[in-house]
Amino acid sequence: MNVKDYVNLIHMAEKLKDTPRHCFTSGGRRESVAEHCWRISMMAYFLQDEFPGIDINKVIKMCIMHDMGEAFTGDIPVFDKTEADEAKESSVLNTWVQSLPEPYRSDLTALYAEMDALETLEAKVYKSMDSLEAVFQHNESDISTWEDHEYELNLNYGWDKVDFSEYTKSIRQVLQDETKLKIATERDEEGVFKHGECEW
């Protein structure tokens, strides 16, 4: 890749630093897509001992690259994203990938196809980290930032993505317990949830 193309690519990637996600940080500000990608990459790195033989470099690459389309479209929360939104993000991402020189074009084309198929262990680990990180972040944010539907969402989200591994299911269960405790502390003195009742 020539120097000018490299510099332009890195400038483009910077947009993810300024692309907000729906979740808030523990400090009270919205997190960025770049921060989300960083943390799922770290989560994957510290998980490699649980999956002997896994190509952890590929997993981390998936984690780093998975939301690049949002540099062009912005982030849309999973509960608001439509099929049309998915198609648009996929289209602009593909256009970007096809504009890259080799070997990056072929490498990322194959990588995104593997991520979409969710058949390999690497893809399953990446996708589980993507889902789990959102639950982590909600548990860390002030509950006043949650929308009403997020009480149930944080209890139910991502279970299907962790089902391939006892270890990832165990992580999800710990997060579940954290969520229940967080919600329980929102009861007022009469035992009623401040933000509406939540069925467990």
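Rule-based calculations on the coordinates, nothing more; no lab input. None of these values were measured; they are calculated from a predicted model. Glycine also receives a Cβ, built like all others from the backbone with ideal geometry; neighbour counts cover every protein chain displayed.
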If amide H atoms are modeled at 1.01 Å from N in the peptide plane, then the residues at a separation of 5 or more from Arg21, or on another chain, having amide H under 5 Å from its own are Glu31, Ser32, Val33
Taking only DSSP H segments of four or more residues, each worth -39500 (n - 2.57), what value at 222 nm results for the chain once the sum is divided by all its residues, to the nearest 500 deg cm²/dmol? -18000 deg cm²/dmol
Cut-off of 10 Å, at most 11 other beta carbons, DSSP loop: longest stretch of the chain lacking such GluC sites (Glu not before Pro): 1-118
Sparse-neighbour loop sites [trypsin sites (Lys or Arg not before Pro); the range 14-102; at most 11 other C-beta within 10 Å; DSSP]: Arg29
Provide the net charge surrounding Ile10, with neighbours chosen by a C-beta distance below 12 Å and charges set as Lys +1, Arg +1, Asp -1, Glu -1. +1
If you compute Cα Rg over 2.2 N^0.38 Å for the structure shown, which of (1) 1.15; (2) 1.11; (3) 0.95 do you land on? (2)
Length gained if Gln48 through Phe72 is fully extended, taking 0.36 nm per residue and subtracting the Cα-Cα distance, is 5.5 nm
Just add up the charged neighbours of Thr95: K/R +1, D/E -1, any other residue whose Cβ is under 12 Å from the Cβ of Thr95. +1
Backbone N within the range 34-73 under 19 Å of label point (7 Å from Lys169 Cα along the Cβ vector): 50-52
So, R0 is 25 Å and r is the distance between the beta-carbons of Thr25 and Glu186; what FRET efficiency does that work out to, to 0.05? 0.85
Contact order relative to length of the chain, as percent, for alpha carbon pairs under 8 angstrom and 6 or more apart: 20 percent
His11/Ala110 FRET efficiency (R0 35 Å; Cβ-Cβ; nearest 0.05): 0.85
